[in-house]
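Below you'll find the structure, written out as structure tokens, and then a few comments.
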Amino acid sequence: MSTATYRDQFNTLTPEGPAWLAPLRARAMERLEANGFPTTRNEDWHFTNPAPITEGAFEPMRPASGTVTQGDLVPFLVGHAEWPTVVFVNGRYAPTLSRVDALPAGVRVLSLASALHEEPTLLEQHLGKLASVDEQAFAFTALNTAMMRDGAVLHVAKDTTVETPIHLLFVSDAGANGGVSHPRNLVVMERHSRATIIEQYASLGDARYLTNAVTECVLADGATLHHYKLQREGQQAFHVGHIEARQGRDSHYVSFAFSIGAALSRNNIYTMLAGEGCGATLNGLYMLDGDQVCDNQTRIEHAEPNCYSREMYKGILDGTSHGVFNGKVYVRPVAQKTDGKQTNKTLLLSDKARIDTKPQLEIFADDVKCTHGATVGKLDQIATFYMKSRGVNADTTRRLLTYAFAAEVLETIELEPLKEDLEKLTLQRYL
Amino acid sequence: MLVIKNLHANVGDKEILKGISLTVNAGEVHAIMGPNGSGKSTLAQVLAGHPGYEVTGGTVEYEGEDLLAMDPEVRAHHGVFLAFQYPIEIPGVSNAYFLRTAYNEVRKANGKEEVDPMDFLDVMTEKLKLVEMDEAMLQRSVNSGFSGGEKKRNEILQMAVLEPKLAILDETDSGLDIDALRIVANGVNKLKRPDSATIVVTHYQRLLEYIVPDFVHVLAGGRIVKSGGKELALELEAKGYDWLLDEPAAVGG
């Protein structure tokens with residue numbers, strides 16, 4: 001699909017929102033047209049051909065039929081059901097399915113559509129400031145910026161701690177078939193605030209659709225954001241997600257990406273350590289089967305001294321699936337005493353599964369400690385023997401050891417109820 | 001119970017076991033001693049079915065059946081147990097889950113009913129006492145982050161749960177302080193039954209003060225070069241192995 005179709009869709013959008021919005025959209029649309037969609041000739045898309053998405057002829061997603069019930073959401077209510085939950089169906093905020101009444105003072109959760117009217121200044125200050133639309137690699141971000149209609153906006157005032165996690169749940173129903181939604185989220189953490197969000201994408205049916213999501217996270221000095229992204233789209237669906245964070249001094253951004261859905265998915269998680277004393281942790285687990293493709297791109301930019309970053313991504317690939325991990329770590333010349341560690345481990349359960357793993361460290365400071373390591377392998381023969389020697393049959397051994405491989409990274413999840421749920425999801429998959 | 005005849009085994013192209021013959025009867029404790037690289041751990045692992053070794057000759061009969069034809073899990077179902085020299089860490093799988101799975105698989109293979117988690121806990125309470133382990137150990141991942149002593153005790157705990165007929169301890173004493181050694185040996189002794197046998201592979205005589213063998217065999221160069229009673233272990237402790245290495249190898253029978 002060329003960008004022309006999206007230009008046509010763009011032209012039919014009714015102008016709405018504050019005055020600064022239209023130029024932001026128009027510029028993104030222009031950049032998309034000028035650059036076009038990437039192909040595998042683009043370095044950032046070298047391992048994943050986005051053609052199934054770019055040639056997919058997706059129409060703007062139809063609003064939900066209104067038949068989605070609370071009961072339909074139960075399988076996706078991770079952690080505790082009473083956690084504040086902001087539900088979007090087919091890309092639109094669904095107030096009757098959402099529950100955001102129990103938030104403490106200093107915390108605001110709005111839909112983007114209403115925030116454009118109620119918080120125009122906050123949005124003008126932050127929306128589109130982190131997620132770049134300029135390069136071809138970010139054509140989908142440009143498309144999102146041009147077409148965004150709804151999403152979640154979270155604002156946490158300074159010195160405010162949000163004890164309960166906030167769940168942003170994006171579901172697609174049967175009406176999503178053939179459509180594309182462009183969820184756009186903004187998280188603004190003021191000085192010394194703390195919060196945990198779960199950003200989950202799921203499908204209630206087996207529709208073929210595209211989710212093209214962008215989430216920008218602003219962390220002021222001393223802020224801490226735990227950000228869990230769960231990608232559980234339908235098996236025929238496509239998912240492109242771009243998360244971009246910018247961290248002020250002494251802030252902590254802790255990300256965990258759990259990806260098991262979609263026929264083809266792309267998961268960008270970028271953070272900029274833009275103040276001294278920051279920490280970033282980007283962990284992830286992706287489990288694929290059949291002919292699924294999942295491309296994980298991370299970028300950690302050390303722009304200031306004395307920051308640390310930790311990264312562990314694990315993939316379990318079965319069938320003829322294809323996984324990609326590209327971990328970029330940039331260390332700017334001023335970013336002395338950077339302490340960075342990156343690990344990518346892949347377990348291949350099938351001879352036909354494939355992984356492309358590419359650590360990409362570009363270090364321009366001389367007094368830093370940066371390591372990376374990647375392993376690709378099958379189940380450990382000795383561990384297999386160990387379990388069998390206790391009488392455990394071959395099939396159970398394979399499943400338990402596969403789970404054990406995943407458990408190492410799942411154990412890093414600090415949010416205990418969510419960790420237990422993801423462990424269960426993983427265990428069910430292999431038991 | 002166990003009749004090993006002229007057993008040969010390789011790692012890759014390298015022959016490690018060069019004709020081992022050994023008979024172990026029910027109720028007996030056999031110690032296998034020998035210098036590093038003599039093949040004693042290889043013998044233990046070959047008996048358990050380690051995939052890294054290739055048996056190139058000889059036979060092993062266990063309770064009248066061909067042990068070498070059995071997969072490792074089938075050997076376990078038949079009552080063979082190897083306490084590993086280096087127990088494997090399995091993150092994310094709790095000790096309780098692992099032990100119950102193993103326990104039930106062995107029961108199932110022997111035509112017994114599986115037990116549910118609650119009943120299994122009762123089984124465990126008693127077994128834990130045997131190796132002086134705390135119940136909290138059950139909730140930890142198998143061997144994950146365990147100290148050397150905890151790992152060895154966990155091996156004996158597994159042995160206590162599975163109640164093997166033929167227990168093979170592969171250097172279970174190495175790396176243990178005297179207290180842990182006493183606990184481990186005490187566990188092994190309490191698990192002995194008239195119908196079970198124990199093979200203790202060790203580098204040191206020390207363990208044999210606690211687990212008293214009926215027979216001691218010295219392995220060197222992939223062969224048994226000397227066999228005797230428990231006094232042989234004391235002689236080895238006093239004189240080392242060198243005096244045996246010069247003697248011609250005993251003819252395997």
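Residues in region A:245-261 that are outside any strand (DSSP E or B) and more than 12 Å from A:Leu230 (Cβ to Cβ): A:Gly248, A:Arg249, A:Asp250, A:Ser251. Only helices (runs of 4 or more DSSP H) whose full extent lies in region A:361-431 are considered here, and the ones with at least 2 residues that are farther than 28 Å from B:Met159 by Cα and polar (S, T, N, Q) are A:416-430. It is to be established whether one or more residues within region A:360-369 are out of contact with any Pro (no Cβ under 7 Å at 6 or more places or on another chain), away from chain B (no Cβ under 14 Å) and under 23 Å from A:Gln292 (Cα atoms). So far as region A:360-369 goes, no, none of its residues is out of contact with any Pro (no Cβ under 7 Å at 6 or more places or on another chain), away from chain B (no Cβ under 14 Å) and under 23 Å from A:Gln292 (Cα atoms). Picking from residues in region A:399-429 that are among the hydroxyl-bearing types (Ser, Thr, Tyr) and either without any contact (Cβ under 8 Å) to a residue 60 or more places away in the chain or surrounded by fewer than 18 Cβ atoms within 10 Å (Cβ to Cβ) (or both), the one that is farthest from the other protein chains (Cβ to nearest Cβ) is A:Thr412. Condition check: among the polar types (S, T, N, Q), free of Cβ contacts under 8 Å to residues at least 40 places away in the same chain and more than 10 Å from every other protein chain (Cβ to nearest Cβ). Does B:Thr101 satisfy that? Spelling it out, it is not the case that B:Thr101 is among the polar types (S, T, N, Q), free of Cβ contacts under 8 Å to residues at least 40 places away in the same chain and more than 10 Å from every other protein chain (Cβ to nearest Cβ).
Consider B:His77 carefully, then state whether it is free of Cβ contacts under 8 Å to residues at least 24 places away in the same chain, within 16 Å of the chain's Cα centre (by Cα) and at the interface with chain A (Cβ under 8 Å from one of its Cβ atoms). For B:His77, the condition - free of Cβ contacts under 8 Å to residues at least 24 places away in the same chain, within 16 Å of the chain's Cα centre (by Cα) and at the interface with chain A (Cβ under 8 Å from one of its Cβ atoms) - is not met.
If the condition is being in contact with an Asp or Glu (Cβ under 8 Å, 6 or more places away or on another chain) and more than 18 Å from A:Thr48 (Cβ to Cβ), then region A:230-241 contributes A:Leu230, A:Gly234. When B:Glu89 is tested against (1) under 26 Å from B:Ala180 (Cβ atoms); (2) among the acidic types (Asp, Glu); (3) away from chain A (no Cβ under 14 Å), only condition (3) is not met. For region B:124-138, a tally of residues being assigned to a helix (DSSP H, G or I), in contact with a Lys or Arg (Cβ under 9 Å, 6 or more places away or on another chain) and within 17 Å of B:Arg182 (Cβ to Cβ) returns 1. Being more than 10 Å from every other protein chain (Cβ to nearest Cβ), within 22 Å of B:Lys192 (Cα to Cα) and of a type in the set (D, E, K, R) is a description that applies to B:Glu63.
The sole residue among A:Ala195, A:Ala202, A:Ala207 that is of a type outside the set (Val, Ile, Thr), in contact with a helix residue (DSSP H, G or I) (Cβ under 6 Å, 6 or more places away or on another chain) and part of a strand (DSSP E or B) is A:Ala202. Would you check if B:Val184 is touching a residue at least 60 places away in the same chain (Cβ under 8 Å) and either closer than 30 Å to B:Glu132 by Cβ or not aliphatic (A, V, I, L, M) (or both)? When the stated conditions are applied, B:Val184 does not pass them. The sole residue among A:Lys352, A:Lys341, A:Lys345, A:Lys369 that is surrounded by fewer than 23 Cβ atoms within 10 Å (Cβ to Cβ), touching a Cys at 6+ places or on another chain (Cβ under 8 Å) and either under 24 Å from A:Ala137 (Cα atoms) or not assigned by TED's automatic domain parsing to the domain that holds A:Pro38 (or both) is A:Lys341.
Here A:Ser309 fulfils each of the conditions (1) of a type in the set (S, T, N, Q); (2) within 22 Å of A:Glu411 (Cα to Cα); (3) in contact (Cβ under 8 Å) with a residue 40 or more places away in the chain; (4) in contact with a His (Cβ under 8 Å, 6 or more places away or on another chain) apart from (3). Consider A:Asn326 carefully, then state whether it is touching a helix residue (DSSP H, G or I) at 6+ places or on another chain (Cβ under 8 Å), within 23 Å of A:Gln297 (Cα to Cα) and away from chain B (no Cβ under 14 Å). It is true that A:Asn326 is touching a helix residue (DSSP H, G or I) at 6+ places or on another chain (Cβ under 8 Å), within 23 Å of A:Gln297 (Cα to Cα) and away from chain B (no Cβ under 14 Å). Just one of the listed residues (A:Ser193, A:Ser203, A:Ser251) is touching a Cys at 6+ places or on another chain (Cβ under 6 Å) and either in the same structural domain as A:Glu163 (by TED's automatic domain parsing) or basic (Lys, Arg) (or both), namely A:Ser251. Considering region A:373-391, and only residues there that are within 14 Å of another protein chain (Cβ to nearest Cβ) and β-branched (Val, Ile, Thr), the residue that is surrounded by the most Cβ atoms within 10 Å (Cβ to Cβ) turns out to be A:Thr384. Per the listing B:Ala48, B:Ala44, the residue uniquely under 28 Å from B:Arg140 (Cα atoms), surrounded by 17 or more Cβ atoms within 10 Å (Cβ to Cβ) and at the interface with another protein chain (Cβ under 9 Å from one of its Cβ atoms) is B:Ala48. Tell me which residues, restricted to region A:318-344, are more than 19 Å from the chain's Cα centre (by Cα) and not in a loop (DSSP other than H, G, I, E, B). Of everything in region A:318-344, those that are more than 19 Å from the chain's Cα centre (by Cα) and not in a loop (DSSP other than H, G, I, E, B) turn out to be A:Tyr330, A:Val331, A:Asp339, A:Gly340, A:Lys341.
One line per residue, one yes/no per condition, for (1) within 11 Å of chain B (Cβ to nearest Cβ); (2) not polar (S, T, N, Q):
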site	(1), (2)
A:Ala335	no, yes
A:Thr338	no, no
A:Gln342	no, no
A:Lys352	no, yes
A:Ile355	no, yes
A:Thr371	no, no
A:Asn393	yes, no
A:Thr397	yes, no
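Within the option set B:Arg206, B:Arg223, being without any contact (Cβ under 8 Å) to a residue 60 or more places away in the chain and surrounded by 15 or more Cβ atoms within 10 Å (Cβ to Cβ) holds for one residue only, B:Arg206.
The helices (runs of 4 or more DSSP H) found wholly in region B:140-252 and carrying at least 1 residues that are within 19 Å of B:Ala48 (Cα to Cα) and modelled with pLDDT under 95 occupy B:148-162, B:178-191.
The values are calculated or read from the model by the stated rules, or taken from the named source; none is laboratory data. Here the structure is a predicted model, which is why all the values come from computation and not from measurement. Neighbour counts are summed over all protein chains in view; Cβ atoms, including those assigned to glycine, are modelled from backbone coordinates with ideal geometry.
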